[in-house]
Amino acid sequence: MDGERVAVVVSHPAHLLTVAGMLQRWRPHVLLLYRAVVGAGAGQEDAVRAALEPLGVADRLASFAISETESFDRALAGDFGFHADIGTRVGDWLRAARPDTVLGDAYEAYNFHHDVTRLFLDNALRRNRAVANYEFPLSCRLDEPGAPVRYGAFAFGAARALTLSADEMAAKRELIASVGRIDPFVADVARLFANPDVESFREVPAGRDYTVPPPGLARYYDERGRELVSAGLYPRAITFREHFVPLVQALGMSTPAKAA
């Protein structure tokens, strides 16, 4: 991708830490979609943006700063127009950035906002075959009893890999450490990524069926949602079938698109 215009689109600011080598190597234009206003992720965007300053990529970072809380509430209410509007904004941003290649969150059925971000990207790019569309792994769980969550690696299939230089890896470690000193969640999760010196990515298949979870992967946000409801933290849970699939259908993504 050297010499190409690259864009990176992620749902959450901390995802940029997992592709810090790509940020250094390709200096992409970056778009963040969601911002946590309560809980462990609150303030994460400011911490990540500050940490990126020494790498010289912070000035290429744009943010929609959409409230995660409002997004969840709108999904529970069946307000597909709210999310469709975000998808339109993503498409507008991509047209302004004019990338040759786009990388973003993988479809893993692990987190609602990760999957929705991937949906927005594919909806914006599926009729434009001139732009290469890639996804990078974040977290997933195999659909097997007792299977652990996997971080930073695809569960199945071939993938390309960017191997970081010593200097890139040193800068990545410092980036993660600086954010981790402010955000304990980042510090905890970063230790679970087995091979931080290799950043994997793969081409997104045309015509992917988003009305079913990725083959072999559990619907993790269903599981986590049920746990939170059982613990009394939330009255209702976001689920794949009740909330993600209807959004897929509302965006017209339940049938493959024809190339323009």
Among Asp105, Asp73, Asp46, Asp85, which is the only one that is under 30 Å from Asp167 (Cα atoms) and over 15 Å from the mean Cα position of the chain (by Cα)? Asp46
Confirm whether Phe120 is under 17 Å from the mean Cα position of the chain (by Cα), open to solvent by less than 10 Å² (accessible area, probe 1.4 Å) and over 23 Å from Val179 (Cα atoms). yes
Residue by residue through the stretch 98-124, note down the ones that are touching a strand residue (DSSP E or B) at 6+ places or on another chain (Cβ under 7 Å) and either at pLDDT below 95 or among the polar types (S, T, N, Q) (or both). Thr101, Thr117
So, Val30, is that one open to solvent by less than 10 Å² (accessible area, probe 1.4 Å) and either part of a helix (DSSP H, G or I) or aliphatic (A, V, I, L, M) (or both) or not? yes
Go through the stretch 189-206 and count every residue that is under 18 Å from the mean Cα position of the chain (by Cα) and outside any strand (DSSP E or B). 7
Kindly indicate the residue of the stretch 142-173 that is outside any loop (DSSP other than H, G, I, E, B), open to solvent by 30 Å² or more (accessible area, probe 1.4 Å) and charged (D, E, K, R) and also farthest from Asp100 (Cα to Cα) among those meeting that condition. Arg150
Only one residue in Ala58, Ala51, Ala36 is open to solvent by less than 40 Å² (accessible area, probe 1.4 Å) and free of Cβ contacts under 8 Å to residues at least 12 places away in the same chain, so which one is that? Ala58
If we keep just the residues of the stretch 125-139 that are farther than 20 Å from Met1 by Cα and modelled with pLDDT of 95 or more, which is surrounded by the fewest Cβ atoms within 10 Å (Cβ to Cβ)? Ser139
Among the residues that make up the stretch 64-83, is at least one of them open to solvent by less than 10 Å² (accessible area, probe 1.4 Å) and under 16 Å from Val6 (Cα atoms)? no
Can you find even one residue in the stretch 174-188 that is assigned to a loop (DSSP other than H, G, I, E, B), basic (Lys, Arg) and open to solvent by 90 Å² or more (accessible area, probe 1.4 Å)? yes
Against the definition (without any contact (Cβ under 8 Å) to a residue 12 or more places away in the chain and part of a helix (DSSP H, G or I)), how does Val229 come out, yes or no? yes
Is it the case that the stretch 90-106 has a residue that's open to solvent by less than 10 Å² (accessible area, probe 1.4 Å), within 23 Å of Leu17 (Cβ to Cβ) and assigned to a loop (DSSP other than H, G, I, E, B)? yes
Condition check for Asp188: within 23 Å of Gly104 (Cβ to Cβ) and modelled with pLDDT of 90 or more: no
May I ask you to list pairs of residues, at least six apart or on different chains, whose Cβ atoms are under 6 Å apart, with the first in the stretch 234-255 being open to solvent by less than 10 Å² (accessible area, probe 1.4 Å) and the second being not in a helix (DSSP H, G or I)? Phe240/Arg219; Val245/Thr211; Val248/Tyr210; Val248/Thr211; Val248/Ser254
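The values are calculated or read from the model by the stated rules, or taken from the named source; none is laboratory data. Remember, it's a predicted structure, so these values are computed and weren't measured experimentally. As a convention, Cβ positions derive from the backbone with ideal geometry for all residues, glycine included, and neighbour counts pool all protein chains shown. Quick note on the areas: whole protein, heavy atoms, side chains included, nothing else; ligands and nucleic acids left out. Shrake-Rupley method; radii C 1.70, N 1.55, O 1.52, S 1.80 Å.
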